[in-house]
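The values are calculated or read from the model by the stated rules, or taken from the named source; none is laboratory data. Note that the coordinates shown come from a computational prediction; the quantities given were computed from them, not determined experimentally. Cβ coordinates were reconstructed from backbone atoms using ideal geometry, including for glycine residues, and neighbour counts include every protein chain displayed. Areas reflect the complete protein model, heavy atoms only, side chains present, ligands, DNA and RNA absent. Shrake-Rupley method; radii C 1.70, N 1.55, O 1.52, S 1.80 Å.
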Amino acid sequence: MTAPYASDPAQVRGRRVAEEESAFRSPFQRDRDRIIHSSAFRRLKHKTQVFVAHEGDYFRTRLTHSIEVAQVARTIAGALGLNGELTEAVALAHDLGHPPFAHAGEDTLDALMAPYGGFDHNAQAVRIVTSLERHYAEFDGLNLTWETLEGLAKHNGPVTPLRGDGPVTPLRSDDPVTGSLPYALADYNARHDLELHTHASAEAQVAALSDDIAYNNHDLHDGLRARLFDDDEIAGLPIVGDCYAEVDRLYPGLDRKRRRHEALRRVFGVMVGDVITRSRYLLEDAAPVSVAEVRHLGRPVIRFSDALWGDLKQIRAFLFARMYRAPEVNDMRLRVHGVVSTLFPHYLNAPDHLPEEWRRDVAQAADETALARLVSDYIAGMTDRFALQEYASLTGEGARDFSDNGV
């Protein structure tokens, strides 16, 4: 940690509930460790990125994705002189709020929750680490530092309009309950101001870009493994084609599996190198002398170059058409929509079917909105596998009925 704008663990802005800090771990190390030991982090093992868990042991899950993001983030943070521990904490926690069944599950849950304030996975991650994890005697949640919570809340940018710098697109603009903020984020921010109108620290911005790098790379790999497209097709994409060409020049006749790995790891390297180069320029140009200045610049300082961002848009368009909306994946989206759409009204109408440890919260729910948010919390915490088990217990339709899509 060498940059003047790095987040200094000796100057943290504290935890909501005051604690004596560890004698041998920095506050950000402690945050990271609490995240790793949380129940929500363990459940990521059985939550998937694109494919449902039973479709293959080699596809990425939310857990393996989070580990990959953290690895990339630490590399970039180190190259830029930032705090690697804070960067890693945000990277490891950034997907904690995802419900089962990837984005299909989130889209369905958001639609079902529309009358009650909607659902947003970033806000849900904050809700998990500030309330839903209940293991400690003195507080609910993990009692993370302000800096880590800030990173979770706004690693993708400000979530309210920047003061004096024009509007920024909010996470939700049609929320009937909280206006421009997801209710889960608005609720916590009312008690502990995360300064949502500013950008996050450079460390949190690194975590956000590392997420982009990881999924752009591994979605290509998973799509190849699922045979949704082949090596020759992606070799026609920007960045990817040059990497395949370099591998063929250096290792003519290399077998398909090694050729693919060598090419895609070079794609990884190109993206990481571009972020480091571009961000160094932006930081040198802005010349912030503190993390506070980074927050108030009014623009991000961790970015891809314009040229590479244009290339990534083409890769994302290809993945959207050939993977995220492939017939096989669309078929699964419809099926998991049915699962979540069955579970939500069931628990809303029969909250006594929630586990015993949820009963006190149910008894304290003041109205249907409060109850719906509890049901949303419960379903969002499910793994793919558990959601299918619960659905099977209600309908008699088991996981085997979801495995005939050929993926």
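Quick notes on this one:
- Test: residue in the range 276-290 that is in contact with a helix residue (DSSP H, G or I) (Cβ under 7 Å, 6 or more places away or on another chain) and open to solvent by 30 Å² or more (accessible area, probe 1.4 Å): no
- Only one of the numbered conditions (1) in a helix (DSSP H, G or I); (2) modelled with pLDDT under 95; (3) not polar (S, T, N, Q) is violated by Ala366, and that is (1).
- Pick from the range 354-371, criterion among the acidic types (Asp, Glu) and closer than 20 Å to Leu112 by Cβ, ranking: least open to solvent (accessible area, probe 1.4 Å): Asp361
- Inspection of the range 109-125 finds a residue satisfying the criterion of being within 18 Å of the chain's Cα centre (by Cα) and without any contact (Cβ under 8 Å) to a residue 12 or more places away in the chain.
- Checking each residue in the range 62-90 for being hydroxyl-bearing (Ser, Thr, Tyr) and surrounded by fewer than 21 Cβ atoms within 10 Å (Cβ to Cβ) picks out Thr64, Thr75.
- If the condition is being outside any helix (DSSP H, G or I) and either β-branched (Val, Ile, Thr) or surrounded by 21 or more Cβ atoms within 10 Å (Cβ to Cβ) (or both), then the range 197-225 contributes Thr198, His199, Ala200, Ser201.
- Residue selected from the range 311-331 under the condition aromatic (Phe, Trp, Tyr) and at pLDDT below 95, by the criterion most open to solvent (accessible area, probe 1.4 Å): Phe320
- Members of the range 83-109 that are out of contact with any His (no Cβ under 7 Å at 6 or more places or on another chain), within 23 Å of Glu150 (Cβ to Cβ) and in a loop (DSSP other than H, G, I, E, B): Asn83, Leu96
- Selection over the range 126-157 of residues that are in a helix (DSSP H, G or I), surrounded by fewer than 24 Cβ atoms within 10 Å (Cβ to Cβ) and without any contact (Cβ under 8 Å) to a residue 60 or more places away in the chain gives a count of 1.
- Residue list for the range 252-297, filter: free of Cβ contacts under 8 Å to residues at least 60 places away in the same chain and of a type in the set (Asp, Glu): Asp255, Glu262, Asp274, Glu284, Asp285
- Residue list for the range 340-351, filter: surrounded by fewer than 15 Cβ atoms within 10 Å (Cβ to Cβ) and either among the aliphatic types (A, V, I, L, M) or at pLDDT below 95 (or both): Ala350
- Against the list (1) closer than 24 Å to Gly223 by Cα; (2) of a type in the set (A, V, I, L, M); (3) open to solvent by less than 50 Å² (accessible area, probe 1.4 Å), the condition Leu334 fails is (3).
- Conditions (1) farther than 19 Å from Pro182 by Cα; (2) modelled with pLDDT of 95 or more; (3) buried (at least 24 other Cβ atoms within 10 Å of the Cβ): number failed by Ala93: (1)
- All told, Ser39 meets the bar of being among the small types (Gly, Ala, Ser), open to solvent by 10 Å² or more (accessible area, probe 1.4 Å) and touching a residue at least 24 places away in the same chain (Cβ under 8 Å).
- Among the residues of the range 291-310, just one is surrounded by 11 or more Cβ atoms within 10 Å (Cβ to Cβ) and among the acidic types (Asp, Glu), namely Glu293.
- Tallying residues that are in a helix (DSSP H, G or I) and aliphatic (A, V, I, L, M) within the range 7-47 yields 5.
- Matching residues in the range 372-384 - criterion: being open to solvent by less than 30 Å² (accessible area, probe 1.4 Å) and either out of contact with any His (no Cβ under 6 Å at 6 or more places or on another chain) or not in a loop (DSSP other than H, G, I, E, B) (or both): Ala372, Leu374, Val375, Ser376, Asp377, Tyr378, Ile379, Ala380, Gly381, Met382, Asp384
Residue-by-condition table, conditions (1) of a type in the set (Val, Ile, Thr); (2) assigned to a helix (DSSP H, G or I):
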site: Val289; (1), (2): yes, no
site: Arg303; (1), (2): no, no
site: Arg316; (1), (2): no, yes
site: Arg322; (1), (2): no, yes
site: Glu328; (1), (2): no, yes
site: Leu334; (1), (2): no, yes
